[in-house]
Amino acid sequence: MKSLGSIRRDFAPWNDPNAKPYIQFDKVTKKFGDFTAVNNLSLTIFEREFFALLGASGCGKSTLLRMLAGFEEPTAGRILLDGQDLRGIPPYRRPVNMMFQSYALFPHMTVENNIAFGLKQDGMPKPEIAARVGEMLKLVKLEQFAKRKPHQLSGGQRQRVALARSVAKRPKVLLLDEPLGALDKKLREETQFELMDLQQSLGLTFVVVTHDQEEAMTMADRIAIIDKGEVMQVATPAEVYEAPGSRFVAGFVGNVNMFEGKIAHGEAGAASIDAGNGITIRTEHAGDAATGAAVAFAIRPEKIRISSTRPAGAVNAIEGEVYDIAYLGDMTVYHVRLDDGQVVRASTMNAARITEDPLSWNDRAWVSFRPDAGVVLTR
């Protein structure tokens, strides 16, 4: 099966039936008293994969990371790394290192001593430590800051020191718990690409926990959407966005318009959906949904065109009233209230300085979209 969207790199072991998973969560449950943080969860991650656990606060993603690191033990189930069951193996004996959101740098130590700390604890010879620290400083572009202490660095520089310290021991797996949460927006965006390049150059397996959708979509080869301790979908960023497996995933990742209705007629993947109030939606992506089935039609705002007149030849076109407009510089977002009360969100790129078809508040407008622009969801 060919992946949706652009291909980040020639790397997709999850599509190879002969590929062996590197990390396996096998029917893992974790309870804290009466609270179930992780519920009978199974998940596979492959070697050299940049894998993201994405979900809202309290969904269980950090608990998964802590169990993999050895800070928590599963109540039930197994966690395997390279075929070895990790139960009972303490954190310091696992080929895993964890980078915390707080960075946890030693304030009294210099940058180079922070990076060298774990190597000294392992008894590595001094010449080798010096060489490894030099290698790490070069890798994260901090050679000129080697003698500084953490309080003399910016937030982004401290983040890179913590990263260098985490990978200095060359773990097989690097775990990152909200690694960019302390950075401002612009620096966070820059660091996302730095992390991707670093992971590629090191050839390590990265598992990152985040609640930031853009962060996961940018960095990860695959994303696991977690909700209430369960996996809702595992797929590449493009597949999660363009082909969500459920209403929950469609609503959680990005913005989406959802039309509830029933399949009025379906044939060979195409269908007509009766969305009520005289609205009929024609789609080419109904899958195997049967006639009469209750479904949701999900479509992203950027796939909807908005205009003051009904577009000629439009298969799907619905009239409403503009009740909100947000100008965001690179794009403008319109909220259109349909005659049945539903609000549709449409976004248009501001490619030209002057719009060809200006719309304002309270204007009557048409929203239209192609039959291949959305997806039908049965759950």
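Points 7 angstrom from Cα along the Cβ direction at LYS27 and ASP324: gap in nanometres?
My value for the distance between the label points is 4.6 nm.
Let me know the charge dipole size of the range 50-144 about its Cα centre in debye, to the nearest 20, where only the beta-carbon of Lys, Arg (+1) and Asp, Glu (-1) is charged.
80 debye
In whole percent, what relative contact order does the range 13-248 give with Cα contacts below 8 Å and a gap of six or more residues?
27 percent
State the percent of C-alpha pairs, over all pairs in the chain, separated by a distance greater than 37 angstrom.
Values: 24660 of 71631 pairs.
Result: 34 percent of Cα pairs exceed 37 Å.
Give me the log10 of I(q) over I(0) for the range 230-357 at q = 0.12, 0.14, 0.20 Å⁻¹, as the Debye formula computes it from C-alpha points; what are the numbers?
Each listed q maps to, in turn, -0.53, -0.72, -1.30.
Cross-link list LYS185/LYS228; LYS120/LYS141; LYS27/LYS228: which exceed 26 angstrom alpha carbon to alpha carbon?
The pairs that break the limit, which is 26 Å between Cα atoms, are LYS185/LYS228.
What net charge do the residues around ALA314 carry, taking every other residue with its C-beta under 9 Å from that of ALA314, with Lys and Arg at +1 and Asp and Glu at -1?
My count for the surroundings of ALA314 gives +3.
Mean 1/r over all different Cα pairs, inverted: what Kirkwood radius does the range 54-209 give, in Å?
Final number for the Kirkwood radius of the range 54-209 is 16.4 Å.
Given only helices, namely DSSP H runs of n ≥ 4 each adding -39500 (n - 2.57), what is the per-residue ellipticity at 222 nm of the chain, to the nearest 500 deg cm²/dmol?
-6500 deg cm²/dmol, from helical runs alone.
What order do you get for PHE106, PHE46, PHE248, PHE259 when you list them from fewest to most C-beta neighbours inside 10 Å?
Ordered from fewest to most neighbouring Cβ atoms within 10 Å, PHE106, PHE46, PHE248, PHE259 come out as PHE106, PHE248, PHE46, PHE259.
When we measure straight from the Cα of LYS172, which aspartates and glutamates land under 19 angstrom away, once same-chain ones fewer than 8 places off are left out?
GLU47, GLU49, ASP82, ASP85, ASP122, GLU135, ASP197, ASP221
Taking the Cβ of TRP361 as the center, what net charge do the other residues with Cβ under 10 Å away carry, scoring Lys and Arg +1 and Asp and Glu -1?
Within the 10 Å Cβ shell, the charges total -3.
Please arrange LEU137, LEU43, LEU180, LEU187 by counting, for each residue, the other beta carbons lying within 10 Å of its beta carbon, fewest first.
Ordered from fewest to most neighbouring Cβ atoms within 10 Å, LEU137, LEU43, LEU180, LEU187 come out as LEU187, LEU43, LEU137, LEU180.
Can you work out the Karplus-derived ³J(HN,Hα) for every residue in the range 244-257? Use 6.51 cos²θ - 1.76 cosθ + 1.60 with θ = phi - 60°, whole Hz, and x for glycine or proline.
x, x, 7, 4, 4, 5, 4, x, 7, 9, x, 9, 8, 9
In terms of the ratio Rg/(2.2 N^0.38 Å) built on C-alpha atoms, what value belongs to the range 1-92? Could you put the intermediate results ahead of the total?
Values: Rg = 14.7 Å, N = 92, 2.2 N^0.38 = 12.3 Å.
So the range 1-92 has a normalised radius of gyration of 1.20.
With each label point set 7 Å from Cα along the Cα-Cβ vector, what nm distance links GLU47 and GLU73?
Simple spin-label model gives 2.9 nm for this pair.
Throughout, read-outs are computed from the coordinates displayed, never taken from laboratory work. What you see is a predicted model, and the numbers here were worked out from it, not measured in a lab. Glycine gets a Cβ as well: all are built from the backbone with ideal geometry, and neighbour counts include every protein chain shown.
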